[in-house]
Each structure stands twice: as C-alpha cells, then as structure tokens.
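A short write-up of the structure that comes next.
The values are calculated or read from the model by the stated rules, or taken from the named source; none is laboratory data. In this text the structure is predicted, and so the values were computed from the model without any measurement. Every residue, glycine among them, receives a Cβ derived from its backbone with ideal geometry; neighbour counts consider all protein chains shown.
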Amino acid sequence: MRLTGGLPDYRFCTHTVTVYHAVFRPEFSCRRTVLRGVYLDERDSGGADAIGATGQRYCFLLAPCGGQWPVWRPGGEGAQPGENWFSLEPGDRVLPGEGPEIETADQWRAFVPAAVPGLAVIREAAAKRLGGRVRHVEAQTEWYKKW
C-alpha cells in the first residue's frame, strides 16, 4: 500500500462486496453489509488429481475504514445506533457484488462456497493502523474447490 501525503492511497479500492456475519445465540441472526470502495483480489489455481481436474480460489480483501467508509467494529462491539459500521472476522462469508439477504438458519446452512459461485469464507482478518487509528482491514479467505 502506497502512502500519499502520509496516508494510505485507496484509489484501486473500486469493488463492491457483501459481508455476512452470522450469530446463533440466543437465536439466529445474520448481519448483511454491502461494502463499496474495497479492493478484492481473486486468484485461481488449477491442477489435477487421481479423479481429474481440480481448482481452487483464494481471495484477499482490503476494506478501508472511517471517513467516507464504514467504521470497523469487530462483532459489532461498541457500535452506536445509526452508525455506519461493519464486522469482518474469521468465519464470516464474503460475496462479490451485492448479495441476497439471509434470514433463516436453513438459508445460512445452504449458503456455502460449494453451492454459491464466488462465495468465500474469511480465514483471518487483521486491522492495519497508521497514526494510532485503524485505516483498513485486510482479510484472507480459505481456498475452496472451484470446479
């Protein structure tokens, strides 16, 4: 990430993704957040095994925080009513573009990378700070079977 005037340069953050954060206790709920102005890098890897052709996809997501972008609140901790915020944690699911609403636990169970093209599951997320403030969050997904 280049710095421009001492701040990160996010001019290549032009993608839109939908982040899904599910909670099962006390009952199921799924927060769906559409993030605009993020950077999403998807990479394919192909090969072969005893059964035939295999493929996997890996995704890297960079989500700027604050200012014109939502504030990062892990698990919603400290979020204020009406505040523009997002959560990005291991286990969350990310879909390029604007994804559908997930309203039930049954819909969540069917909402998996094997069944939904482009969907990925976050493996790790890390907040990147500059000047004592979180400037962006970087997330990496699991490899998953593509074909």
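Worth a mention:
- Enumeration of residues in the range 83-94 that are under 29 Å from Arg11 (Cβ atoms) and either assigned to a loop (DSSP other than H, G, I, E, B) or free of Cβ contacts under 8 Å to residues at least 60 places away in the same chain (or both): Glu83, Asn84, Trp85, Ser87, Leu88, Glu89, Pro90, Asp92
- Selection of first residues in the range 123-141 that are in contact (Cβ under 8 Å) with a residue 60 or more places away in the chain and of second residues that are surrounded by fewer than 16 Cβ atoms within 10 Å (Cβ to Cβ) and among the acidic types (Asp, Glu), restricted to Cβ pairs under 6 Å at least 6 apart or on distinct chains, gives the following pairs, ordered by first then second residue: Gln140/Glu124.
- Tally of residues being within 12 Å of the chain's Cα centre (by Cα) and in a strand (DSSP E or B) across the range 101-135: 7
Residues checked against (1) among the small types (Gly, Ala, Ser); (2) in a strand (DSSP E or B); (3) modelled with pLDDT of 85 or more:
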site: Met1; (1), (2), (3): no, no, no
site: Tyr10; (1), (2), (3): no, no, yes
site: Thr18; (1), (2), (3): no, yes, yes
site: Glu27; (1), (2), (3): no, no, yes
site: Leu35; (1), (2), (3): no, yes, yes
site: Leu40; (1), (2), (3): no, yes, yes
site: Gly46; (1), (2), (3): yes, yes, no
site: Tyr58; (1), (2), (3): no, yes, no
site: Ala79; (1), (2), (3): yes, no, no
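- Residue match in the range 32-45 (condition: hydroxyl-bearing (Ser, Thr, Tyr), touching a Gly at 6+ places or on another chain (Cβ under 8 Å), over 16 Å from Cys13 (Cα atoms) and exposed (fewer than 14 other Cβ atoms within 10 Å of the Cβ)): yes
- Looking across the range 122-145 at every residue that is among the β-branched types (Val, Ile, Thr) and at pLDDT below 90, the one that is nearest to Arg73 (Cα to Cα) is identified as Val134.
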